[in-house]
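Colleague: Mind looking over this structure? Questions follow.
The values are calculated or read from the model by the stated rules, or taken from the named source; none is laboratory data. Computed from a predicted model, the values in this text were never measured in an experiment. Because the Cβ atoms are built from the backbone with ideal geometry, glycine has one as well, and the counts that use them run over all protein chains shown. The area values use the complete protein model at the heavy-atom level, side chains included, leaving out ligands, DNA and RNA. Shrake-Rupley method; radii C 1.70, N 1.55, O 1.52, S 1.80 Å.
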Amino acid sequence: MLQRRLMSGREFPVLGLAGVAFLAAAGFSGPSPEGLEGAAPRIAQSAPGVVRVPITGVIELGVAPFVARALSEATAAGASAVILELDTPGGRVDAAWKIIDDLRDAEVPVYAYVNRRALSAGAMIALAADRIYMRPGSTIGAATPVTGDGEKASEKMVSAMRSEFRALAQERGLDPRIAEAMVDESVEVPGVSEAGKLLTLTTEEATAIELADGEVRDLLELLEVVGLPAAPVRDIEPNWAEAIVRFLTNPAVAPLLLSLGFLGLLVEIRTPSFGIAGAIGLSALAAFFGAHHLVHLAGLEEIMLFGAGVVLIALEVFVIPGFGIAGVLGTGAMAAGAVLGMVGQVPTFDQVFNAAGLVALSIILVGVTAWALLRHLPRSRRLAGLFLRDSTSSETGYLSAAPREDLVGKVGVTTTDLRPTGVAIVNDERIHVVTEGPWIEARTPIRVLEVTSSRILVRRAGETTVSETRNEV
């Protein structure tokens, strides 16, 4: 029985405002029979069938939860077998490792059906199955690990992959050198692979050396070969929730989410109240960390580290003047949290380097976008009303308030305390005034002494000074 917890409802709050929180509607509930209801009909307990699980395209981290869910449902439904239909050029090694661990723990027989190609990580997944069957014209092998730019990975990574392939071959009773030759071109297998050439086998070659258990034209023939000719077949496809998680963890989408998150927080810091920019920023960051949390990349530690960086930057902006140690530490914590959220528990140098490059790309995108907004938005016709384009001055005839020299010498009464400003009634007009000296209580007679722009200076009525006789305006 699979013990791995897959997308339980307790994990969904991590997605928060991201819109991914509603993944709970997909009904992921682990291996219990109650969690099997979905788009496809339930396999009847009285008539065990076969579960077909397609693995197509590039193997990403979102594929691992899908395969694990399919194995859980097949086990709970009492399926006779699970068929992994492979047509993949490979993908992430850490995702393939997760799938292999689930295949090794599966209680249901698992058959790999290579439908055209199972290369790189796909070959490793095929070797983890109980048996391998191949369609005519298919290929398997070419499993040398490469970096993000297509170059061969370090010897440490090659050694780890070579050992993994050797162990899988030994479990199936195969010649381990054949599996190693798929990873390392320096391995020579007489009659099969020459030194200096990476091993990739066709259907005929794989069946000839018994790497594959047989050649089958289609799924129906495969069922006959494994002794299940009349078994009903249920197809399990990735549901919309898994598709969303796979989309959000795509290397092309992750920097965009980070960029939106950073930009939203940056705009929110520059505005007096929480608004749309802050909501978009938090949603993007919640989508990024939530999706990576569901595929077991980002843990609570990475999320807390990123949150601590946000708090430090907020302290630097609102509490501590200038840009000092809190801002530097906050920026570093946010960058580290984002990088660690995109790598596995035991990351390689290439994975860390690629993740750091994506974070750097996000920061560059934020900087360019912020510069473009500040430079071009004030010239936009549609947003012209948001910006003050022209300056005004008294020399060009503009005044901030209408002149009120007519109030000088007038007597009125205060309606509020003047401490030192307040409101008074002068000539039956309610105006804002300021006292020149001591505070004046409400309902006290006052006289306007001086008017300068919008500043109306008053004192208690009956008090006189030398300056009053000058009638300055």
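Colleague: Provide a single number: the residues in the stretch 150-193 that are within 17 Å of ARG131 (Cα to Cα), touching a residue at least 12 places away in the same chain (Cβ under 8 Å) and among the polar types (S, T, N, Q).
Modeller: 0
Colleague: If we scan the stretch 374-388, do we find a residue that is surrounded by fewer than 14 Cβ atoms within 10 Å (Cβ to Cβ), at pLDDT 65 or above and farther than 25 Å from PRO255 by Cα? Working first, answer last.
Modeller: Looking only at the stretch 374-388, we keep the residues that are surrounded by fewer than 14 Cβ atoms within 10 Å (Cβ to Cβ), and these are 374-388.
Among the residues that remain, those that are also at pLDDT 65 or above are: 375.
Narrowing further to those that are farther than 25 Å from PRO255 by Cα: none.
No, every residue in the stretch 374-388 fails to be surrounded by fewer than 14 Cβ atoms within 10 Å (Cβ to Cβ), at pLDDT 65 or above and farther than 25 Å from PRO255 by Cα.
Colleague: Tell me which residues, restricted to the stretch 208-243, are at pLDDT 80 or above, assigned to a helix (DSSP H, G or I) and of a type in the set (A, V, I, L, M). Spell out how you get there, then give the answer.
Modeller: Looking only at the stretch 208-243, we keep the residues that are at pLDDT 80 or above, and these are 208-238.
When the remaining residues are screened for being assigned to a helix (DSSP H, G or I), the result is 208, 219-225.
ALA208, LEU219, LEU220, LEU222, LEU223, VAL225 - these are the residues of the stretch 208-243 that are at pLDDT 80 or above, assigned to a helix (DSSP H, G or I) and of a type in the set (A, V, I, L, M).
Colleague: Could you tell me whether ASP101 is surrounded by fewer than 22 Cβ atoms within 10 Å (Cβ to Cβ), at negative phi and in contact with a strand residue (DSSP E or B) (Cβ under 9 Å, 6 or more places away or on another chain)?
Modeller: Values: surrounded by fewer than 22 Cβ atoms within 10 Å (Cβ to Cβ): yes; at negative phi: yes; in contact with a strand residue (DSSP E or B) (Cβ under 9 Å, 6 or more places away or on another chain): no.
The answer is no for ASP101.
Colleague: Can you name the residue in the stretch 160-184 that is part of a loop (DSSP other than H, G, I, E, B) and farther than 23 Å from ASP94 by Cβ and is also least open to solvent (accessible area, probe 1.4 Å) among such residues? Steps first, answer last, please.
Modeller: Of the stretch 160-184, the ones part of a loop (DSSP other than H, G, I, E, B) are 172-175, 184.
From what is left, the residues that are farther than 23 Å from ASP94 by Cβ are 173-175.
Values: GLY173: 67, LEU174: 33, ASP175: 56 Å².
By that ranking, first place goes to LEU174.
Colleague: For residues that are open to solvent by 10 Å² or more (accessible area, probe 1.4 Å) and part of a helix (DSSP H, G or I), scanning just the stretch 104-149, find the one that is nearest to GLU205 (Cα to Cα).
Modeller: Restricting to residues being open to solvent by 10 Å² or more (accessible area, probe 1.4 Å) and part of a helix (DSSP H, G or I), the top hit is ALA128.
Colleague: Looking at the stretch 44-52, can you tell me whether even one residue there is basic (Lys, Arg) and within 26 Å of PRO229 (Cβ to Cβ)? Break it down into steps so the answer makes sense when it comes.
Modeller: Let us first name the residues in the stretch 44-52 that are basic (Lys, Arg), namely 52.
Subset that is within 26 Å of PRO229 (Cβ to Cβ): 52.
Among the residues of the stretch 44-52, at least one is basic (Lys, Arg) and within 26 Å of PRO229 (Cβ to Cβ), which makes the answer yes.
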